[in-house]
Amino acid sequence: MMDFSGRNAEAIELFRSQTPANIKDRADVLKALDEVYVSTDSDEQLDMELELVVARILDPTAKEGYAVAVLGPSGAGKSTLVNRRLDAMKQFAPMDDGYGNEVQFCLRVQTPSSCTAKALGTAILKATGYPLERTPSEDDIWNIIRKRLRLKMHKVIFLDEFQHVLKGPKAKGGAHLTNTVKLLMQDPEWPVWLIVAGVPDVMQFVERDEWFQMERRVRPIEIDNLENAEGDIENMRAIVEAMVGPCRMELAFPTTDDFLRRLMHGGLWRFGMAVQLVKMSIEVALWDDNAAGELKLDHFVKGYKRLSNCGRDSNVFTAENWHLIERQVTPRGRLTPGYTLSRAVGA
C-alpha cells in the first residue's frame, strides 16, 4: 500500500495558499477547538486497562492476550476516548526498531460494515500496509496477518465500530468470526491484545463462542449516559467554558442549569453527542459576521438545527416542552428530524 501522507500534506499547503485569510483564521480556531479534550471517569478506567495490557505484554511468559471492550450507544464518545488514550501512551507511538524500520505496537482498524472473517482480515491487512493487488483466500489472509503482526511488531489491535461484526453473513455460522478473532489472542508465539469499541450489542459476539472462552478474555468498560444530576450539569458547564476559551470567544449568555439540561437532552444525554453539539454551535458563531467574538444562544439554536434538521417547534433550545422531544442517532452520526411527545427523556 502506497503512503500518500506526504503528498496529502503538500496538497493541503497548496490549497491553503489559495484560501482567503478569514477562512484560514477560522481553520486555525477549529484546529485549536479539536485539541480541547475534557477527561471523564471513563478515561481513568480505560487508562488502567491499557496499562494492564502493557504490563501483560511486558511479561515474556504470557501465552495469550485478551480484549478490552469499550461499550456505549452511538454518540457516546467511544472512538474519541480510545484514540485519545492511545495517543497519550508513548508505548503506542510509531518508533524505530533500531534497524531503520518504523514499527508500531498498536494497529488501528476500522471494522468494515457487513463484516465477514475475510472482510475483517482484509481491513487488518490494509491497515498494516500490506499491498493487496488481489484479495487472497480467507485462510491465506489470516496466515498473512499473523506474519505481518510479527513483522510490524503489532501487539495490540484497536477495532473501531466493532458492532459491524454482528451484521456479517452467517454462511459459516455465527461462531466462525468469533473463533477466528480468538485465535489471534491465543497465538502462544505472538499473542495479541484487542481493544474494541462498539454498541453494547457487541457482547453478542462474545456469546457466539461455543466453548465459552471469549467471556473470560473480555474486560468491558461501559460509558454511562449523562444524567440530570448536579455533577453532570456542573461538568457540562465546565466543558462548554473549556471549549469556548481557545476559540477567541466569550459566552454572551449565562449557562444556566436549564440551558445545560437542554444541551444534554439535545445530545441524547450522551457525552460525545453533547460535545459535538457544542462544536457545531461554535462553528455557527465563527461564520457569523455579526457575532463580534460572542457565542450566543441563537448559535446553539442553529447548531442544533444543523445536527438534527429540526424545526423551531422541535428545537431543544426554543421549544417549551423540550424534554418531550425524542430523536435517535442515524448511522452517520446525525439526529433524526422526527420527534414524538410520548414520554420525557432525562426530565
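The values are calculated or read from the model by the stated rules, or taken from the named source; none is laboratory data. Source: prediction; values computed, not measured. Note that we place each Cβ from the backbone using ideal geometry, even for glycine, and neighbour counts take in every protein chain shown. Accessible surface is based on the protein model in full, side chains and every heavy atom, while ligands, DNA and RNA are left aside. Shrake-Rupley method; radii C 1.70, N 1.55, O 1.52, S 1.80 Å.
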Completion exercise
Within the chain, the percent of DSSP beta bridges that are antiparallel, given to the nearest 5, stands at 10 percent
Problem - Cβ-based charge dipole, the chain, positive-most Cα from THR40, ILE325, ILE282 - result: ILE325
Fill in the blank from the handout: In nanometres, the difference between 0.36 nm per residue of separation and the alpha-carbon distance of GLU51 and LYS147 is 32.0 nm
Practice task
With a 1.4 Å probe and every protein chain kept in, tell me what percent of the accessible surface of the chain is carbon plus sulfur.
Solution key: 51 percent
Handout entry: Cβ charges +1 (Lys, Arg) and -1 (Asp, Glu), total dipole of the chain, debye
Key = 1180 debye
Exercise for the section: Using only the alpha-carbon atoms of the chain, report the extent along each of the three principal axes, biggest first, to the nearest angstrom. Expected result: 61, 52, 37
Exercise for the section: Keeping all protein chains in place, calculate the accessible area per residue for the stretch 72-212 (probe 1.4 angstrom), answer in Å². Expected result: 48 Å²
Exercise for the section: Starting at the first residue of the stretch 8-24, write each ³J(HN,Hα) from the Karplus equation 6.51 cos²θ - 1.76 cosθ + 1.60 with θ = phi - 60°, in whole Hz, x for Gly and Pro. Expected result: 5, 4, 5, 5, 5, 5, 5, 4, 4, 5, 9, 9, x, 4, 5, 6, 5
Practice task
Sort LYS296, LYS63, LYS155 by accessible area with a 1.4 Å probe, largest first.
Solution key: LYS63, LYS296, LYS155
Practice task
Provide the gained length on full extension for the span GLU234 to ALA123, in nm with one decimal, where the gain is 0.36 nm per separating residue minus the Cα-Cα distance.
Solution key: 35.8 nm
Exercise for the section: With runs of 4+ DSSP H residues as the only contributors, calculate the mean residue ellipticity of the chain at 222 nm using -39,500 (n - 2.57) per run, divided by the residue total and rounded to the nearest 500. Expected result: -13500 deg cm²/dmol
